[in-house]
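This report refers to the structure that appears directly beneath it.
The values are calculated or read from the model by the stated rules, or taken from the named source; none is laboratory data. Here the structure is a predicted model, which means the values were calculated and not measured. Here the Cβ positions follow ideal geometry from the backbone for every residue, glycine too, while neighbour counts run over all protein chains shown.
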Amino acid sequence: PDDVGIVAMEMYFPAQYVDQSQLEEYDGVSSGKYTIGLGQQKMGFCSDREDINSLCLTAVQNLMERNNVSYENIGRLEVGTETIIDKSKSVKTVLMQLFAESGNTNVEGIDTTNACFGGTQALFNSLAWVESSAWDGRYALAVAGDIAVYATGNARPTGGAGAVAMLIGPNAPLVIERGLRATHMQHAYDFYKPDMVSEYPVVDGKLSIQCYLGALDRCYRLYKHKVHTVEEGRTSPLTLEDIDYCLFHTPYCKLVQKSFARLYFNDFLDAAKDDPKYTGLEAFRDLKLEDTFSNKDLEKAFVNASKDLFNSKTKLALLLATQVGNMYTPSLYSGLASLLYSKSAADLAGRRVGFFSYGSGLASAMFSVRVSQDATPGSQLERLVGSFSDLQARLDSRKCFSPADFAEMMKLREDTHHLAKYTPVGSVEDLFPGTWYLTHVDEMHRRQYSRT
Ligand code: ACO
């Protein structure tokens, strides 16, 4: 099949948040640390009413309803998550409840886990199925969801929560470019979850940032190389100018601006010594990539030099990341949702969108989407863009919780998330319409859900 990619997409985030400037005050850190230093405004979080199953149920059903897709028409369903509530039973099997009425049980795929990368692997697996001999003509569904929570301390403001569901098939408005996928995988203990009874990771924050930036360098260099070999007639290396929009996995927004600057630094190292575009940066010419992760002068110079490009290619895609926080596996795709909200179908038609996916431990990849040329009314692209038109309104309709109430909710999750039997106490009224929520966990840990 031709033009395999993302046909439709649904983004879910919780209906409640805590304000980051209030959190600064509550945590007793200097004013501006979370809002300016990390670039975060609000952080979405879940009460004990939501878990990974409910998040994914919500995203999938909303996608199917909004796009009028029938469950018989799904032949593969993949879930990427690092929010593990069962060491054996996959989230995928829980989602099969949604298929029950249709009678369709012929659905391949299960869950994939490695920190924030599982969603991208779910997407890759879905694409691979559609492009394979096993494909039977139906759509695939790639789902990614997580509840990102940290213990109290400096990582807590970098949490978030959400889920994305993507319908994958041929003749898509967002075509994943073939032959242009760059991967970097490596063993690292930067962020991991060895404690089976806790939702919180063990995290070496500084190392995780270094690992992220190192993986970014590796993927970008390989991506550039692949573009050079795949694109006929190309004589100069690919630069950021060749990518219309750049999306990144977003632990916090400031890291994305630094990452964008890092790509610009890579371009600079590839450029001719006398390229006037990089005037004023000559002092950084002879540095080695791997020696520069903590070079603040370099970081500052390249953030400054790449500011305009960052503003036009990436900043607009940080809407959900600033307003909800790090969703882990859906984070990169929240960038895509923000882009689809911020631009019209006509603006996007024919453009190339770059993606960088990172999951600690570590797994990372860079790939790109070519947006279809057809932005006419009624086109798939126009419908896809239209399905995000309510994004800001949904963000604005959320309920603000005080940091004290947020902390209490985190404590409640800590104390109860593994209990059986248990009946959640969080409010149901505050959830968005169409949200699945946990009603009861029985003495055999069997979970029951209902929908608002
Ligand atoms: N006003 C403005 N800026 C401020 C202020 C202030 N009042 N106070 C601090 N800052 C700046 C700092 O200068 C720093 O900027 P810099 O990064 O440009 O140097 C920034 O705010 C953060 O301050 P730090 O002291 O570096 O923050 P800290 O070390 O306490 O925590 C960290 C940050 C490590 C990111 C922590 O939140 C964390 O561990 N998060 C989870 C790990 C993570 O997200 N890793 C990323 C990749 S892996 C993944 O996706 C999970």
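Descriptive notes on the structure:
- Residue list for segment 183-194, filter: more than 9 Å from the ligand (Cβ to nearest atom) and aromatic (F, W, Y): Y189, Y192
- Conditions (1) buried (at least 17 other Cβ atoms within 10 Å of the Cβ); (2) touching a residue at least 60 places away in the same chain (Cβ under 8 Å); number of the one not met by S126: (2)
- Qualifying residue in segment 243-251 (condition: part of a loop (DSSP other than H, G, I, E, B), among the charged types (D, E, K, R) and crowded, with 16+ Cβ neighbours inside 10 Å): yes
- Just one of the listed residues (S368, S364, S342) is in contact with an Asp or Glu (Cβ under 8 Å, 6 or more places away or on another chain), buried (at least 18 other Cβ atoms within 10 Å of the Cβ) and among the hydroxyl-bearing types (S, T, Y), namely S368.
- Taken over segment 135-156, the criterion of being assigned to a loop (DSSP other than H, G, I, E, B) and within 16 Å of the ligand (Cβ to nearest atom) is satisfied by V149, Y150, A151, T152, G153, N154, A155.
- Any hit, segment 112-134, residues being over 30 Å from Q20 (Cβ atoms), away from the ligand (no atom under 16 Å from the Cβ) and assigned to a strand (DSSP E or B): yes
- From G37, G32, G28, G44, residue being surrounded by fewer than 21 Cβ atoms within 10 Å (Cβ to Cβ), on the phi < 0 side of the Ramachandran plot and within 16 Å of the ligand (Cβ to nearest atom): G37
- Number of positions in segment 375-392 that are among the aliphatic types (A, V, I, L, M) and either surrounded by fewer than 19 Cβ atoms within 10 Å (Cβ to Cβ) or under 11 Å from V7 (Cβ atoms) (or both): 2
- Of the residues making up segment 159-189, just one is over 29 Å from I74 (Cα atoms), surrounded by fewer than 23 Cβ atoms within 10 Å (Cβ to Cβ) and touching a Gly at 6+ places or on another chain (Cβ under 7 Å), namely A188.
- The C-beta contact set for segment 204-229 (first residue closer than 10 Å to F293 by Cα and modelled with pLDDT of 95 or more, second residue assigned to a helix (DSSP H, G or I) and within 14 Å of the ligand (Cβ to nearest atom), distance under 6 angstrom, 6+ apart or interchain) comprises L213/R262.
- For first residues located in segment 5-27 and modelled with pLDDT under 95, partners that are assigned to a helix (DSSP H, G or I) and of a type in the set (D, E, K, R) and lie 6+ apart or on another chain with Cβ distances below 7 Å do not occur.
- When restricted to residues that are away from the ligand (no atom under 16 Å from the Cβ) and closer than 22 Å to Y12 by Cβ, segment 318-347 contains 10.
- For segment 67-107, the set of residues classified as of a type in the set (V, I, T) and in a helix (DSSP H, G or I) consists of V91, T93, V94, listed by residue number.
- Scanning segment 70-113 for residues that are more than 21 Å from the chain's Cα centre (by Cα), of a type in the set (S, T, Y) and crowded, with 17+ Cβ neighbours inside 10 Å turns up just one, Y71.
- Of all the criteria given as (1) outside any helix (DSSP H, G or I); (2) crowded, with 18+ Cβ neighbours inside 10 Å, the one not satisfied by T235 is (2).
- Of the strands (runs of 3 or more DSSP E) lying entirely inside segment 319-412, the ones with 1 or more residues being touching a residue at least 40 places away in the same chain (Cβ under 8 Å) and β-branched (V, I, T) are found at 352-359, 363-371.
For every residue, the table says whether it meets (1) away from the ligand (no atom under 16 Å from the Cβ); (2) at positive phi; (3) more than 21 Å from the chain's Cα centre (by Cα).
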residue: M196; (1), (2), (3): yes, no, yes
residue: L207; (1), (2), (3): no, no, no
residue: G214; (1), (2), (3): no, no, no
residue: Y223; (1), (2), (3): yes, no, no
residue: E231; (1), (2), (3): yes, no, yes
residue: T239; (1), (2), (3): yes, no, yes
residue: H249; (1), (2), (3): no, no, no
residue: K258; (1), (2), (3): no, no, no
residue: L263; (1), (2), (3): yes, no, no
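- Among residues of segment 176-202, those that are touching a residue at least 60 places away in the same chain (Cβ under 8 Å) and assigned to a strand (DSSP E or B), counted: 7
- For segment 413-439, a tally of residues being free of Cβ contacts under 8 Å to residues at least 60 places away in the same chain and surrounded by fewer than 14 Cβ atoms within 10 Å (Cβ to Cβ) returns 7.
- Pick from segment 7-63, criterion assigned to a helix (DSSP H, G or I) and charged (D, E, K, R), ranking: farthest from A142 (Cα to Cα): E25
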